[in-house]
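The values are calculated or read from the model by the stated rules, or taken from the named source; none is laboratory data. Small disclaimer: the values here were computed from a predicted structure and weren't measured. Every residue, glycine as well, gets a Cβ built from its backbone with ideal geometry; the counts of neighbours run over all protein chains shown. These accessible areas exclude ligands, DNA and RNA; they are computed on the full protein's heavy atoms, side chains included. Shrake-Rupley method; radii C 1.70, N 1.55, O 1.52, S 1.80 Å.
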Amino acid sequence: MRLFLDTADINEIKKAKAWGVLSGVTTNPSIIARQKKDFFSLATEICETVYPMPVSLEAVDREPEAMADQARKLSEISRNVVVKLPANPAGMEALTLIRGESVKTNLTLVFSPTQALLATMAGADFISPFIGRLEDRGYDGLGMVRELMEALDRHESKTEVIAASIRDPHQIVEIAKAGVHIATVPFVILEKMLLNTMTDMDLDKFLKDWEEVPGREYMFREEIRKAAGA
Ligand code: G3P
């Protein structure tokens, strides 16, 4: 499974990249709005920071032709742009309008396996089932993704599934077990996946014990080791 970051915060993107776990970025209009920055400059900076890994930017209209046109314009920002279209009739129509053009697509706001199947049949590059938002409304989000994966696995398809709207680290483990290709996570969840107080506590003990090791102050000083013939 690969990990995308669900953010438009450049610092968060840089941190995830430095940890060696970043395979792409997803955004949506709400995430973009939080940054309070000029959209074109922000999108360009994200795409450059993440290149050549994919960056999802969302079309913002309800009409198929307008969304198709926005998809083309968003794609001009950078070659790694993937355009998010809603998994509804207008989004499917927009997807069909741009088929054959060099525009990558991510069908978003997927809340059911049937939406996923149709988006796959229409040739979406990615689909984004929203787990957390389903669970917020009292439905089995993880169950939906498991069912969706089972259905898609039985067919040849180039569409990759991005599990989105993740609420806690445990969901990531379940998503990985279900064979989902990608999980997109907010930075706070990524941190929670890594941070563990037991790691910190035991590291403190190791570093304290190291203070008792003879020769420790020279070990990492090349010139002193060389002089000693080590
Ligand atoms: O990628 C989809 C995601 O942005 C939605 O997440 O946390 O707003 O439900 P959330």
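Residues are listed down the side, and each one gets a yes or a no for (1) more than 14 Å from the ligand (Cβ to nearest atom); (2) part of a helix (DSSP H, G or I); (3) aromatic (Phe, Trp, Tyr):
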position: Pro129; (1), (2), (3): no, no, no
position: Leu152; (1), (2), (3): yes, yes, no
position: His170; (1), (2), (3): yes, yes, no
position: Val213; (1), (2), (3): yes, no, no
position: Glu217; (1), (2), (3): yes, yes, no
Task: Neighbours by Cβ (under 9 Å, 6+ apart or cross-chain): first from segment 159-181, closer than 16 Å to Leu195 by Cα; second assigned to a loop (DSSP other than H, G, I, E, B) and among the hydrophobic types (A, V, I, L, M, F, W, C) - done: Ile172/Met1; Ile172/Ile166
- [ ] Name every residue in segment 20-32 that is within 12 Å of the ligand (Cβ to nearest atom) and either assigned to a helix (DSSP H, G or I) or open to solvent by 20 Å² or more (accessible area, probe 1.4 Å) (or both), in order of residue number.
- [x] Asn28, Pro29, Ser30, Ile31, Ile32
- [ ] Say whether the condition of being assigned to a helix (DSSP H, G or I), more than 23 Å from Lys192 (Cβ to Cβ) and assigned by TED's automatic domain parsing to the domain that holds Ala116 is met by at least one residue in segment 50-59.
- [x] no
TODO: Could you grab the pairs with beta carbons closer than 9 Å, sequence gap of 6+ or different chains, first residue in segment 119-135 and in the same structural domain as Asn106 (by TED's automatic domain parsing) and open to solvent by 10 Å² or more (accessible area, probe 1.4 Å), second one part of a helix (DSSP H, G or I) and among the hydroxyl-bearing types (Ser, Thr, Tyr)?
DONE: Ala122/Thr96; Gly123/Thr96
Task: Matching entry among Lys73, Lys84, Lys37, Lys104 (being buried (at least 23 other Cβ atoms within 10 Å of the Cβ) and in the same structural domain as Asp9 (by TED's automatic domain parsing)) - done: Lys84
- [ ] Take segment 33-64 and flag every residue that is more than 13 Å from the ligand (Cβ to nearest atom), among the aliphatic types (A, V, I, L, M) and under 14 Å from the mean Cα position of the chain (by Cα).
- [x] Ile46, Val50, Met53
